[in-house]
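Okay, structure first, notes after.
The values are calculated or read from the model by the stated rules, or taken from the named source; none is laboratory data. Every value quoted in this text rests on a predicted model; they were computed, and no experiment measured them. No Cβ is skipped: glycine too gets one built from the backbone with ideal geometry, and neighbour counts run over all protein chains shown.
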Amino acid sequence: MLISTGYRLGWKLINRVPESWARWGFDTATNIAWRRQGHGVQMLENNLSRVLGPETTGKELRKVSKAGMRSYGRYWMEVFRLPSISAEQIQRDMVVNADADQALADAAAGKGVIFALPHMGNWEVAGAYVVGRGIKFTTVAERLKPESVFDMFVAFREGLGMEVLPLTGGPNIFGVLAQRLRAGHMVCLLCDRDLTESGVEVEFFGEKARMAAGPAALAIQTGAALYGVTLWFTEDGWVAHCDPVPVPAEGTRKEKAAAMTQQLASVFEQGIAAHPQDWHMLQRVFISDLDPARLPAAPPARAQAGLCASASSARTPGTSPVGCSRTSGT
């Protein structure tokens, strides 16, 4: 009840105060969280240490992790204020590269396009930008407790014009997403973390990690164009950078999916390395951080689709309108 009330008040009140007040409040809260060095902050620094490299000093790491928490606070501030941010402002202040612009033009023309993303920048605003370009897109949300919070986030995203499919309790997700792509719609999925048996093992910042194979599998199955997308903040706006990930000419479906997922990991590496403070990953990513015995078996829905990034771990509520989102607390 307290969690539900908190989110309800967030959407009701935060977009009514001046942005400078809201920014001060979230900056203050994330600074306190950073100083307390809770589990999430420790995991963020653990992940960032891989991004920054072994030569990074503790002082340098702490500086980036503090900026990372402030970036994460900005994400949440914008989530609660997004209903009051005009479509014109989002279109004006979102910068996209040439490949992103071409992908969105193709999607607007009725061609199937898949965007695969890491937990980076503000994917909620990115989703609103896509909708503002007149593009229909579908994403997947994991149905978790409390149900009332899940319902609020689904309603929030649907209110922005997105189609949100629950990962469980409905039809075969992979099949539905394939139908949407064949109908000329866009599908957007987070895939930088998947510790289930359906995840593909990749090299990521010099270590082994697992990423969701769903985006690559959908591209192979439907012929839709696949793009790796990285997002980051500017002082007064946002950036979306796309890189195409083609289907290899040779190999089995499994081999092609593995090669494409590795290419996505490389795309994510480049974007995260350039903007490490905007990678909001407060959970375990690297296999070396895990007890192998704790790697979960993939339940049927997840093994079928291979879509959800980090379905087995705690994730902050509503963290992905353009991917498989969790809706329970960290």
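Residue check: Leu226 meets all listed conditions (1) among the aliphatic types (A, V, I, L, M); (2) closer than 16 Å to Ala107 by Cβ; (3) surrounded by fewer than 20 Cβ atoms within 10 Å (Cβ to Cβ) but one, namely (3). Screening Gln37 against (1) surrounded by 18 or more Cβ atoms within 10 Å (Cβ to Cβ); (2) on the phi > 0 side of the Ramachandran plot; (3) among the polar types (S, T, N, Q) leaves a single unmet condition, (1). Annotation note: of Glu197, Glu147, Glu203, Glu207, the sole residue that is modelled with pLDDT under 95, surrounded by fewer than 19 Cβ atoms within 10 Å (Cβ to Cβ) and either among the hydroxyl-bearing types (Ser, Thr, Tyr) or closer than 30 Å to Arg50 by Cα (or both) is Glu197. For the stretch 79-111, the tally of residues that are buried (at least 16 other Cβ atoms within 10 Å of the Cβ) and either of a type in the set (A, V, I, L, M, F, W, C) or over 20 Å from the mean Cα position of the chain (by Cα) (or both) stands at 14. Within the bounds of the stretch 71-82, is there any residue that is touching a helix residue (DSSP H, G or I) at 6+ places or on another chain (Cβ under 8 Å) and under 30 Å from Gln179 (Cα atoms)? Yes; the residues of the stretch 71-82 include at least one that is touching a helix residue (DSSP H, G or I) at 6+ places or on another chain (Cβ under 8 Å) and under 30 Å from Gln179 (Cα atoms).
Return the total of residues in the stretch 244-286 being in a loop (DSSP other than H, G, I, E, B) and free of Cβ contacts under 8 Å to residues at least 24 places away in the same chain. Looking only at that region, the number is 6. Cβ-Cβ distance below 9 Å, separation of 6 or more or different chains: which pairs start in the stretch 198-219 with a residue that is part of a helix (DSSP H, G or I) and end on one that is crowded, with 24+ Cβ neighbours inside 10 Å and among the acidic types (Asp, Glu)? Short answer, once both residue conditions are applied: Gly214/Asp194. Filtering the stretch 115-144 down to residues that are touching a Cys at 6+ places or on another chain (Cβ under 6 Å) and closer than 21 Å to Asp93 by Cβ, which residue is surrounded by the fewest Cβ atoms within 10 Å (Cβ to Cβ)? Filtering first and then ranking leaves Phe137. Taken over the stretch 220-243, the residue count meeting the criterion of being touching a residue at least 24 places away in the same chain (Cβ under 8 Å) and either part of a strand (DSSP E or B) or acidic (Asp, Glu) (or both) is 16. Hey, any hits in the stretch 241-264 for a residue that's of a type in the set (Gly, Ala, Ser), within 17 Å of the chain's Cα centre (by Cα) and crowded, with 23+ Cβ neighbours inside 10 Å? Checked against the condition, which is being of a type in the set (Gly, Ala, Ser), within 17 Å of the chain's Cα centre (by Cα) and crowded, with 23+ Cβ neighbours inside 10 Å, the stretch 241-264 yields no hits at all. Does Met69 satisfy being within 21 Å of Ala209 (Cα to Cα) and touching a residue at least 24 places away in the same chain (Cβ under 8 Å)? In short, no.
If a residue counts only when it is in contact with a strand residue (DSSP E or B) (Cβ under 6 Å, 6 or more places away or on another chain) and within 23 Å of Phe233 (Cα to Cα), which strands (runs of 3 or more DSSP E) contained entirely in the stretch 81-167 have at least 2 such residues? If you could, list the steps in order and put the result at the bottom.
Details: elements: 94-96, 113-117, 137-141, 163-166.
By residue number, 94-96, 113-117, 137-141.
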